[in-house]
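Below is one structure, written out as structure tokens, with a few remarks after it.
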There are 4 protein chains.
Amino acid sequence: MTDQQKAEQLIAEQCAQKLLEQDEAAKSLNITIDTISPGHAGLAMSVTPQMLNGHKTCHGGFIFTLADCAFAVACNSYNKTAVAASCDISFVRPGHDTDRLTATANEIHKAGRNGIYDITVSNQNNETIALFRGKSRIISKTGPLDD
Amino acid sequence: MTDQQKAEQLIAEQCAQKLLEQDEAAKSLNITIDTISPGHAGLAMSVTPQMLNGHKTCHGGFIFTLADCAFAVACNSYNKTAVAASCDISFVRPGHDTDRLTATANEIHKAGRNGIYDITVSNQNNETIALFRGKSRIISKTGPLDD
Amino acid sequence: MTDQQKAEQLIAEQCAQKLLEQDEAAKSLNITIDTISPGHAGLAMSVTPQMLNGHKTCHGGFIFTLADCAFAVACNSYNKTAVAASCDISFVRPGHDTDRLTATANEIHKAGRNGIYDITVSNQNNETIALFRGKSRIISKTGPLDD
Amino acid sequence: MTDQQKAEQLIAEQCAQKLLEQDEAAKSLNITIDTISPGHAGLAMSVTPQMLNGHKTCHGGFIFTLADCAFAVACNSYNKTAVAASCDISFVRPGHDTDRLTATANEIHKAGRNGIYDITVSNQNNETIALFRGKSRIISKTGPLDD
């Protein structure tokens, strides 16, 4: 790792920590950060009884929220405020009570103020639960560390 | 309204009530049903401080959850269990603390086991907050009323 | 119609004509304009043997192209150059040889440089063939009429 | 490679060839197959003056068509007829006259009759032109080789 890379990694880590600290939703769902690097994030959440829908599976809204948090952390990892413009999610397998879900976000395109990120949500058996593609837009030259 | 239409309307109302009763997420967010008819649903939710993200606006996950609930109620209004296959959401305006958000779901296509629903999320000033398109699949000939 | 509305309608008509004239793809597919107004467009195309895929139904690419043209005409109807950022299409019924397909584009959101348009592709029996949602971005203050 | 793998590879190659042979659209656009394996396909197409839109860049419809063909070849590589249910495309860079575009399709999920494929369209400089995510559904136990 060059000094430049180390500096970028530090910024990504600090942005992630700041963002999650300020995110009441993420805190109330006990979402934690597993991995972080520029343009990348891995977040985890455990499914609880409060997250179940009428089919006794995890409500899509919580799976979306976990994926969306990983997306937010990844696209804000450069300390320039970015917001979600649109997101597409496919639910491929249900999440169940006590499942430990991990959302892994990777940047697949970045040009100017626009970015595209792919987020995969998996369970503790490494089975894919949902596939999420998010499009972000940078709305400020300052970011989480400048607040 | 014919007797047939009255019967379908009653089924839609009963399915909606049953679905929401069993939905811990919808209950914890105080989501309420404003309107319901076959293939249609209007649900509402108030933004609370717990729903805010690091930008002090309503977390996309909660806006998604409200829209997803309206989608679920609309696509389950025939008493045949339907689940979300995929959803696309565009965030066009932020939601703020104390905003009263309404998600209106309308069926735009139904053929065999597949349906497509458009959900618009608006605030108390009738400004659009998010546009959601959901694709559903019927997975059972029985529904919420047969549990 | 006020004078202002008449002027906007004229601009929409002229932009549409200019755009289609310059569009080699639209011309080679014999795409025609049925209706046009600010933020709205109705375009038509006949399915020919050259458009069929291995399943003997109209290739999704041509249905997409027709919808995309209607989207382009609608989002360029203000004489400010707009381009497609992303599009989502669902194919709900096949198109067959000799079918006359119509794509109707309606603006459902416009704020600043961003727009969202819904395009429905139907056949001559008014059956829905495809549902398309397009997101546009204005990239210039000048438009088709300023070239 | 095991004998089983060799057999599956052969089926994928034969399905791809059969599919493209029957596809009038692919033939008229001179789309060629670069690589093929089960669940994967790489197809190429050169941008011609006939493919340009009013902005003098490649019409999104042709970029979509190339990506859609790669998607079709990949999801039909098991000799079970699969069709596109829905597709999402993001245009991230324009295509220009004489560009050589390559669409690379990879299967990212397959369960029962449903599949999800990611297709990246790049130009001759390996720059990303478009990102496409397609959802397929198997509609028959027989496939291209059984016609």
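The values are calculated or read from the model by the stated rules, or taken from the named source; none is laboratory data. This one's a predicted model, so the numbers in the text were calculated from it and none came from an experiment. Counting neighbours? That spans all protein chains shown, and the Cβs are built from the backbone with ideal geometry, glycine included.
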Among (1) more than 7 Å from chain A (Cβ to nearest Cβ); (2) within 20 Å of A:ARG133 (Cα to Cα); (3) surrounded by fewer than 24 Cβ atoms within 10 Å (Cβ to Cβ), which single condition is B:ALA67 missing?
(3)
Within the range B:23-57, tally of residues that are modelled with pLDDT under 95 and in contact with a helix residue (DSSP H, G or I) (Cβ under 8 Å, 6 or more places away or on another chain)
13
From C:GLN17, C:GLN50, C:GLN5, which residue is closer than 20 Å to C:THR98 by Cα and in a helix (DSSP H, G or I)?
C:GLN50
Looking only at the range C:78-103, filter to residues that are closer than 30 Å to C:LYS6 by Cβ and either touching a helix residue (DSSP H, G or I) at 6+ places or on another chain (Cβ under 8 Å) or not hydroxyl-bearing (Ser, Thr, Tyr) (or both); which one of those is nearest to the other protein chains (Cβ to nearest Cβ)?
C:ALA84
Within the range A:62-107, can you find the residues that are of a type in the set (Phe, Trp, Tyr) and within 9 Å of the chain's Cα centre (by Cα)?
A:PHE71
One residue is enough: does the range B:26-41 have a residue meeting the conditions assigned to a helix (DSSP H, G or I) and either without any contact (Cβ under 8 Å) to a residue 40 or more places away in the chain or more than 28 Å from A:GLU21 (Cα to Cα) (or both)?
yes
Within the range C:109-147, tally of residues that are more than 16 Å from C:GLY60 (Cβ to Cβ), among the aliphatic types (A, V, I, L, M) and not in a loop (DSSP other than H, G, I, E, B):
4
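Every residue, every condition in (1) of a type in the set (D, E, K, R); (2) touching a strand residue (DSSP E or B) at 6+ places or on another chain (Cβ under 8 Å); (3) more than 19 Å from C:PHE91 (Cα to Cα), yes or no:
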| site | (1), (2), (3) |
| --- | --- |
| D:HIS96 | no, yes, yes |
| D:THR102 | no, yes, yes |
| D:PHE132 | no, yes, no |
| D:LYS135 | yes, yes, no |
With respect to B:LYS110, determine if the residue is charged (D, E, K, R) and at positive phi.
no
Restrict the check to the range A:110-125 and report whether at least one residue is at pLDDT 95 or above and within 11 Å of chain B (Cβ to nearest Cβ).
no
Test of understanding: among C:LEU145, C:LEU131, C:LEU101, which residue is in contact (Cβ under 8 Å) with a residue 60 or more places away in the chain and of a type outside the set (Ser, Thr, Tyr)?
C:LEU145
Among the residues of the range D:87-99, is any in contact with an Asp or Glu (Cβ under 7 Å, 6 or more places away or on another chain), within 17 Å of C:CYS58 (Cβ to Cβ) and either among the aromatic types (Phe, Trp, Tyr) or outside any loop (DSSP other than H, G, I, E, B) (or both)?
yes
By residue number, the members of the range C:10-46 that are within 14 Å of chain D (Cβ to nearest Cβ), among the charged types (D, E, K, R) and surrounded by fewer than 20 Cβ atoms within 10 Å (Cβ to Cβ) are C:LYS18, C:GLU21, C:GLU24, C:LYS27
Taking D:LYS56, is it under 22 Å from C:THR48 (Cα atoms) and not in a strand (DSSP E or B)?
no
